[in-house]
Structure formats: C-alpha cells, structure tokens
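Before any comments, here is the structure.
All of the numbers you see were taken from the coordinates with simple rules; none came from a lab. Note that the coordinates shown come from a computational prediction; the quantities given were computed from them, not determined experimentally. Using ideal geometry, Cβ is built from the backbone for each residue, glycine included, and neighbour counts are taken over all protein chains shown.
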Amino acid sequence: MTLNISNLNLNLLANSILNPSSSSQQQNAASSWVIDPNAGTSTDPNSALSSSLLGSTDPNATDNSLLFTPLLSISNTAQILSKRQNSISKTLTEVTDNASLVQTAQGGLSQVNNLLNSLKNLLTQAESSTLSSQERTTIDQNIKSTLENYTQLIDSTQYSGQQLFSNEKTIFVNTSDTDSENKAQIHLPNLSAQALGLDQLDASSPQKVLQSLNILNKAFFTSNSASLQLQNVSSQLSTASDSLQKALQSILQFQSITSSSASALAQSMQPSDLSQTQNTSSLANIAPSLL
C-alpha cells in the first residue's frame, strides 16, 4: 500500500492537517491525499508519487536552484506536521487517561448498585407488620453492616489517588486537538451514604421502612443516572480516540513521504550549486534533517 497524491501543494496540505476545519480550500487539498491500496510500492524518485510531491520540478534539471522552493516547502510541511503530531498525541493521551477513569467509575457504580439492592432486600423484609422487635433489630444490624461495606466501597473507588464518588465533580476532556469547544463532560455525583441519606435508613417500624425505601429509590435514581451518563461519555471518548489515532497514523504516513521527497531533492543538488545561493546555510541544515 502506498499514498497516491495528485495536484498537491505541500504547504496547503500541511495547513489543512494543522487546522483541518479552517477553509474549504484546505479541506479540498487534504481530500486529494488518499490511500490507494492498488497503487505500487516504488520508491523511485522519478515515479509518479515523487513527481506529484515535487510538482513540475525536474530532479535532474541543470539549474538546481529550481529545487530550493520545493525543498523549503517540504521543510515547512515537516515542521507543521511535527507540531500537529505533538498536539494530537497530547490530546490522545488525555482521552485515553480519562477513558480509563470512566471505566473505573463504571466498575464502582456496578458495585454500588449491588449494595443498594442488598439494602432494598433488607428493607423489603422489614415491611411486614408481623415482625418482632428482635427481628427488626437484626435487620437494622444487617443494614448497618451493609452500609459500612458501602462506605468502604465509596472510599476505595479511586483513580490516580483521587476518590471518584466522595464529592460531586465534573471533568471536561478535550476530544479534538483543533477545536477547544469539542469536549466530553464526565459528571461524577457524590454517592457517599450521607449525601444520599442512606445513613437515615431505619427498619424499626413499617412507617420508618416506607420512608427508608423512598430514600433508597432516590439513591437508585442518582446511581442509574450516573451510570447512563458514563456509558454515553465512554462511547464519546472511544470515538474520539479512534479519530485521533487515524489522524496520527495519517501524519506518520505523510511524514514518511516528505522525508523521501526531501531525500530525492537533496540528492539532486550539487554542493557547488548550494554554495552559490543565498540559501546555502538554511538548505544545508534542512536537507539532512529531513532525510
């Protein structure tokens, strides 16, 4: 597989990679860069691939000064691509890190719901008006023991040393390296027993049990809402990660092409020609860095 490029202006394409939504003209330039699975794999500097990168300049031309402009263009392109590569890599790291945070939070919520269901089962047993005082006391003790496990779970659900559900928080995650407004929002509610009112659960009488079940239903609603929100943001981060990885791969492929083109140009230049131009210093530094 190779890249088939036609009518390509390197600077325009590089700008489209750096700022893909800046103009329709840049998008058109970027769209001309496509992967052709049926293309050959020749690296011959005189091949169609190299010719399209070098424009109409003949690598074997007698006047090597004609090669300075495309070489400088390749140099500018390489710098822009490197900048975009760093930007994408930084955003991808942020997306990947927060995707792991979301995964940890989802695991914690699953265990939260298990314990809430245990509390519901205990309160359902206490709804009966025929229970003795001792039986209610036993249920209350089981509720207290379950709440202790619940508190331990909330305290231990952490990511990078940060407790996820002990305080309400919202985390904004960049999902694009070029659009600062394109963010994923991770909302983590305060699920502590005190915040949800679970410390008020009481099985001492049918009336208290009814009040406790109302508290528990509200806790279920908060937990289920958080679970649904995390599921949505997980999908959003996954899509962003895929897009960023594809963009990074495209840049790496194009960097390989610019390097090959720089090599073809540099090999076509003669040291004597370089020394006769005012660009000798800059070109002498550019060519080796791109080979």
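Average the reciprocal distances over every distinct pair of alpha-carbons in the range 118-231, invert the result, and give the Kirkwood radius in Å. Roughly 16.0 Å, rounded to one decimal.
What is the distance in Å between the Cα centres of the range 140-157 and the range 235-258? For the range 140-157 versus the range 235-258, the Cα centre distance is 45 Å.
Label separation (His187 vs Asp242): 2.6 nm, computed from points 7 Å beyond Cα along the C-beta direction.
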